[in-house]
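Undergrad: Have a look at the structure that comes next, please.
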Amino acid sequence: MTETDYPPVGFVRQLAIHSPLALWPYELLWLNQDERHRLNLHKDTAQKHYAMTYRELRQHVFALARNGLCEILDATDLSMCIELVQWGPLFEEAS
């Protein structure tokens with residue numbers, strides 16, 4: 001596995017301080033993102049892919065969005081499209 005297979009340490013620290021319950025879902029989302037850093041989350045597959053209900057997953061995604069770690073591109077009662085924030089030079093300078 002490479003360094004990009006895991007969330008950046010600075011992001012994990014930020015999440016651990018502000019929303020520790022979202023750490024595990026964040027790692028799962030990070031490992032399942034596509035090449036554009038996006039995920040399509042669906043109500044009928046949330047339990048299978050993330051071992052939690054869609055409602056619980058949405059709550060974790062909202063916590064990630066509040067902490068600036070993802071952007072919600074589209075959300076309905078049945079699905080959600082999100083984009084995970086990537087490591088960049090601005091975050092490296094702020095660390």
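Undergrad: How many residues does segment 1-52 hold that are among the basic types (Lys, Arg) and at pLDDT below 90?
TA: Just the residues of segment 1-52 that are among the basic types (Lys, Arg), to begin with: 13, 36, 38, 43, 48.
Retained after the next criterion (residues that are at pLDDT below 90): 13.
Here the count works out to 1.
Undergrad: Now for a separate question. Within segment 26-45, identify whether any single residue is more than 12 Å from the chain's Cα centre (by Cα), hydrophobic (A, V, I, L, M, F, W, C) and exposed (fewer than 14 other Cβ atoms within 10 Å of the Cβ), and answer yes or no.
TA: No, segment 26-45 contains no residue that is more than 12 Å from the chain's Cα centre (by Cα), hydrophobic (A, V, I, L, M, F, W, C) and exposed (fewer than 14 other Cβ atoms within 10 Å of the Cβ).
Undergrad: Okay, next question. Mind listing just one residue for me: the one in segment 66-95 that is assigned to a loop (DSSP other than H, G, I, E, B) and over 16 Å from residue 43 (Cα atoms) and, of those, modelled with the lowest pLDDT?
TA: First pass over segment 66-95, keeping only residues assigned to a loop (DSSP other than H, G, I, E, B): 67-69, 76-78, 85-88, 95.
In the following step, the residues that additionally are over 16 Å from residue 43 (Cα atoms) were identified as 67-69, 85-88, 95.
Details: 67: 85, 68: 85, 69: 87, 85: 88, 86: 80, 87: 67, 88: 62, 95: 48.
So the residue we want is 95.
Undergrad: While we're on this one: Which pairs have Cβ atoms under 9 Å, sit 6 or more apart or on different chains, and link a residue in segment 6-21 that is in a helix (DSSP H, G or I) to one that is among the charged types (D, E, K, R)?
TA: 10/92; 12/27; 18/66
Undergrad: List every residue pair whose Cβ atoms sit under 8 Å apart, with the two residues 6 or more apart in sequence or on different chains, where the first one lies in segment 23-35 and is aromatic (Phe, Trp, Tyr) and the second, anywhere, is at pLDDT below 90.
TA: So the pair list comes out as 26/7; 26/11; 26/12; 26/15; 26/69; 30/6; 30/7.
The values are calculated or read from the model by the stated rules, or taken from the named source; none is laboratory data. Being a predicted model, the structure only gives us computed values, none of them experimental. Virtual Cβ from ideal backbone geometry, glycine too; neighbours counted across all protein chains shown.
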